[in-house]
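K.L.:
Take a look at this one; I'll ask things after.
The values are calculated or read from the model by the stated rules, or taken from the named source; none is laboratory data. Here the structure is a predicted model, which is why all the values come from computation and not from measurement. Quick reminder, even Gly has a Cβ in these numbers, built from the backbone with ideal geometry, and neighbours come from all protein chains shown. These area figures cover heavy atoms from the full protein model, side chains too; ligands, DNA and RNA do not enter into them. Shrake-Rupley method; radii C 1.70, N 1.55, O 1.52, S 1.80 Å.
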Amino acid sequence: MKKHNFSAGPCILPQEVLEQASKSVINFNNLNLSLIEISHRSADFVAVMDKAQDLVLELLDLKDKGYSAIFLGGGASLEFLMVPYNILKKDGKAAYLDTGAWSSKAIKEAKLFGDIDIVASSKADNYNNIPKNYTIPTDIDYLHCTSNNTIYGTQIKEFPKTDSLLVCDMSSDIFSRKLDFSQFDIIYAGAQKNMGPAGTTLIVVKEEILGKTGRQIPSMLDYQIHISKDSMFNTPPVFPVYVSMLTLQWLKDLGGIDAIEKKNIAKAELLYGEIDSNPLFKGSAAKADRSNMNVTFLLTDENKKEQFDQMCKEAGINGIKGHRSVGGYRASIYNAMPIESIQVLVDLMQKL
Ligand SMILES: Cc1ncc(COP(=O)(O)O)c(C=O)c1O
């Protein structure tokens with residue numbers, strides 16, 4: 001039976017990417033060797049890394065603008081500490097916008113490095129909205145925000161303006177919508193939503209901001225070292241980087257971020273439209289801040305839960321159970337999710 005995969009991450013990837021990746025695990029580039037058994041220093045793999053980095057900058061429109069793209073291990077969670085290590089000055093201060101569990105984890109790590117000012121938080125509302133009208137201090141080294149809050153289904157529509165550096169965790173919405181990416185000095189994102197398998201994290205960094213903290217940085221945590229070694233300071237996560245490259249190529253062939261954004265808006269409108277018009281459901285995030293990637297919603301009549309869950313199971317719907325801290329349902333509708341799968345879910349909601 002066809003499955004409709006609404007998982008929050010790891011999550012759906014384009015079918016053709018999975019097919020190509022599985023072929024390459026057996027025989028890569030007709031070498032009669034697997035992608036995962038050749039040297040990361042071989043010409044064939046170096047070309048993969050180069051292309052992945054190139055596609056990132058091209059798709060984000062950051063080519064020739066002083067940015068580097070690197071692929072590291074350790075998950076987006078490692079960036080929670082690499083960011084302050086690399087740009088928070090000794091005795092410096094940074095500001096954080098607290099919009100969810102991942103923001104607060106980033107704050108916890110940053111506090112190990114300096115003075116952290118939480119400029120605004122929606123914690124008291126169980127993070128169901130993005131705070132607005134807050135003041136950003138001017139004496140900070142950087143401001144950190146999370147563009148999309150995977151658990152709560154909220155998304156920043158308008159990014160804070162600051163003369164300091166702006167850092168963004170884009171783990172769950174990178175490559176999904178048009179933005180002026182040059183407003184950010186560091187963007188980081190775990191691969192396992194819109195890019196590829198878990199195991200690598202993309203970091204896009206404006207090179208001129210580095211090397212100014214006065215800190216000694218261990219080599220593996222130093223962005224400058226990874227950039228100078230073209231993301232090959234140590235053995236990179238070869239398979240996740242390869243699949244990310246294929247997914248980025250898939251996105252480029254589709255027409256890039258402009259094209260995917262239109263599809264993502266249509267998908268989100270279809271699902272939110274049903275949530276808003278069907279009295280059996282209600283959205284859990286504030287309307288103005290709703291995410292186009294993670295749609296969180298609740299049943300208005302809990303007695304229908306068993307029936308709806310059974311209907312979903314029978315229709316091949318996978319991964320829509322809400323996160324335990326929000327409850328209800330979460331349909332993650334990342335780039336690779338076809339609108340047809342959302343229609344299947346909407347039809348069931350109507351049938352209920
Ligand atoms: C917005 C956001 N940031 C950070 C993370 C943590 O990523 P990782 O598990 O790669 O460390 C996640 C994971 O879901 C996330 O959604």
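K.L.:
About its Cα centre, how strong a charge dipole does segment 64-120 have in debye, to the nearest 20, once Lys and Arg get +1 and Asp and Glu get -1 at the Cβ?
P.N.:
80
K.L.:
How large, in percent, is the carbon and sulfur part of the accessible surface of segment 1-72 at a probe radius of 1.4 Å?
P.N.:
The computed percentage sits at 51.
K.L.:
Express as a percent, rounded to the nearest 5, the fraction of DSSP beta bridges in the chain (both residues included) that run antiparallel.
P.N.:
55
K.L.:
Enumerate the calculated ³J(HN,Hα) couplings along segment 336-352 in order (Karplus 6.51 cos²θ - 1.76 cosθ + 1.60, θ = phi - 60°), each rounded to whole Hz, writing x wherever the residue is Gly or Pro.
P.N.:
Working through the residues one at a time gives 7, 6, x, 4, 4, 5, 5, 4, 4, 5, 4, 4, 5, 4, 5, 4, 4 Hz.
K.L.:
What does the C-alpha gyration tensor say about the overall shape of the chain? Classify as rounded when a/c is under 1.5, otherwise prolate if a/b is larger than b/c, or oblate.
P.N.:
oblate
K.L.:
Whole number in Å², please: accessible area per residue of segment 116-263, 1.4 Å probe, ligands, DNA and RNA not counted.
P.N.:
So segment 116-263 comes to 39 Å² accessible per residue, rounded to a whole number.
K.L.:
Counting DSSP beta bridges with both partners in segment 1-160, what percentage is antiparallel, nearest 5?
P.N.:
20
K.L.:
Next question, about the same structure. Which far-off residues, 5 or more places away or on another chain, put their amide H under 5 Å from the one on Ile118, with H placed in the peptide plane?
P.N.:
The answer is Tyr96.
K.L.:
Of the cross-linked pairs Lys157/Lys287; Lys282/Lys305; Lys157/Lys193; Lys65/Lys193; Lys262/Lys313, which ones have a Cα-Cα span greater than 21 Å in the structure shown?
P.N.:
Too far apart for the 21 Å limit: Lys65/Lys193; Lys262/Lys313.
K.L.:
Report the full-extension gain for the segment Asp347 to Met1: residue separation times 0.36 nm, less the Cα-Cα distance, to one decimal in nm.
P.N.:
122.8 nm
K.L.:
Among Ile275, Ile227, Cys168, pick out the residue whose Cα is farthest towards the positive end of the charge dipole of segment 166-287, where Lys and Arg carry +1 and Asp and Glu carry -1 on C-beta, about the Cα centre.
P.N.:
The residue sitting most towards the positive pole is Ile275.
K.L.:
Would you calculate a helix-derived [θ] at 222 nm for the chain, using -39,500 (n - 2.57) for each DSSP H run of n ≥ 4 and dividing by the full residue count, to the nearest 500?
P.N.:
Calculated from helices alone, the mean residue ellipticity at 222 nm is -11000 deg cm²/dmol.
K.L.:
Further, regarding this structure: Once phi is turned into θ = phi - 60°, what whole-Hz ³J(HN,Hα) does the Karplus curve with 6.51, -1.76 and 1.60 give for every residue of segment 267-278, x standing for Gly and Pro?
P.N.:
Computed from phi, the couplings for segment 267-278 are 5, 5, 4, 4, 6, 5, x, 5, 4, 6, 9, 9 Hz.
K.L.:
If you don't mind, there's one more thing I want to ask. Expressed in nm to one decimal, what extension gain is obtained for the pair Met220 and Glu37 from 0.36 nm per residue of sequence separation less their Cα-Cα distance?
P.N.:
The Met220-Glu37 span can extend by a further 63.5 nm.
K.L.:
Using a 1.4 Å probe over the heavy atoms of the protein chains, calculate the carbon and sulfur portion of the accessible area of segment 132-236 as a whole percent.
P.N.:
The nonpolar share, carbon plus sulfur, comes to 44 percent.
K.L.:
Got a sec to turn the phi values of segment 243-257 into Karplus ³J(HN,Hα) couplings, 6.51 cos²θ - 1.76 cosθ + 1.60 with θ = phi - 60°, whole Hz, x for Gly and Pro?
P.N.:
5, 4, 4, 4, 5, 5, 5, 4, 5, 4, 4, 6, x, x, 5
K.L.:
Report the full-extension gain for the segment Thr135 to Arg324: residue separation times 0.36 nm, less the Cα-Cα distance, to one decimal in nm.
P.N.:
Extra length available between Thr135 and Arg324 comes to 64.9 nm.
K.L.:
Quote the charge dipole size of the chain about the Cα centre in Debye, to the nearest 20; the model charges only the Cβ of Lys and Arg (+1) and of Asp and Glu (-1).
P.N.:
Roughly 580 debye, rounded to the nearest 20.
K.L.:
Keeping all protein chains in position, work out how much accessible area Arg215 exposes to a 1.4 Å probe, and write it in Å² to the nearest 10.
P.N.:
Ignoring ligands and nucleic acids, Arg215 comes out at about 50 Å².
K.L.:
On to the next question. In debye to the nearest 20, how big a dipole does segment 146-210 give about its Cα centre with +1 on each Lys and Arg Cβ and -1 on each Asp and Glu Cβ?
P.N.:
Taking the Cα centre of segment 146-210 as origin, the dipole is about 300 debye.
K.L.:
May I pose another question? Straight-line reach only, C-alpha to C-alpha below 20 angstrom: list the aspartates and glutamates that Lys51 could link to, leaving out same-chain residues fewer than 8 apart.
P.N.:
Cross-link targets: Glu16, Glu19, Glu37, Asp61, Asp64, Glu207, Asp230, Asp253.
K.L.:
Using a Gaussian network model on the chain with a 10 Å cutoff between Cα atoms, which of Leu78, Leu33, Leu62 fluctuates the most?
P.N.:
Result: Leu33 has the largest fluctuation of those listed.
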